[in-house]
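**Student:** Got a structure here, written out as structure tokens. Questions coming.
The values are calculated or read from the model by the stated rules, or taken from the named source; none is laboratory data. Predicted model, so just to flag it, every value in this text is computed and none were measured. Glycine gets a Cβ as well: all are built from the backbone with ideal geometry, and neighbour counts include every protein chain shown. For accessibility, only protein heavy atoms count, side chains too; no ligands or nucleic acids. Shrake-Rupley method; radii C 1.70, N 1.55, O 1.52, S 1.80 Å.
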Amino acid sequence: MLQVKELEEIMELHTERLIRLAYYYVKDLQSAEDIVQDVFIKFYDKQHNYEERGELKAYLSKLVINKSKDYLRSWTYRKIQVQQKIFAKQVVIRRDMLVQQDEQSIIEKAILALPLKQREVLIYFYFEEMPVVEIAQLLSIPESTVKTRLRRGRELLKPKLEHIEWEVLLHE
């Protein structure tokens, strides 16, 4: 059974990365923070389900991915999307420095605009520096599908980033 101190250490080690990961899915900092908080609560409550077979980082990432996808399918998310379209106001969003730095990058903005399937593999491959094999295991899809999504993602980015010398696109 995990002690509170051990959980705090795990949270301190993984929270920043998991918030960024959730943010890449939901594109909202507050929702990303809520998702990560829910994941840690679930992890603590159901820690007996976790077997030390692999890496805790991958396990927590999978929980965040699933929770983020659930959020994107939820009524709450759809309701918020409709409200934002109807009441298109200038909303001041509290952003921490980490996310603000990420958003300032033109490349990352272009990646955030991609469809989810291409966006997630590009994020894992380039930002999390995961190999294709690990991405395939994490997403439960064949390696060839990961490679196809990477190629398609790069193709979608190329016209958006043609004025930027992004080395990945230059060697295509």
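**Student:** Which of the following residues is surrounded by fewer than 16 Cβ atoms within 10 Å (Cβ to Cβ) and more than 18 Å from A113 (Cβ to Cβ): V39, V4?
**Tutor:** Answer to the selection: V4.
**Student:** Working carefully through the options V99, V91, V82, find the one that is modelled with pLDDT under 65, more than 18 Å from L18 (Cα to Cα) and either open to solvent by less than 100 Å² (accessible area, probe 1.4 Å) or part of a helix (DSSP H, G or I) (or both).
**Tutor:** V82
**Student:** Next question. Contact list please: Cβ distance under 8 Å, first residue in segment 55-77 and open to solvent by 50 Å² or more (accessible area, probe 1.4 Å), second residue of a type in the set (G, A, S) and assigned to a helix (DSSP H, G or I), pairs at least six apart or on different chains.
**Tutor:** Close Cβ pairs (under 8 Å, with a partner that is of a type in the set (G, A, S) and assigned to a helix (DSSP H, G or I)) amount to K67/A22; Y77/S31.
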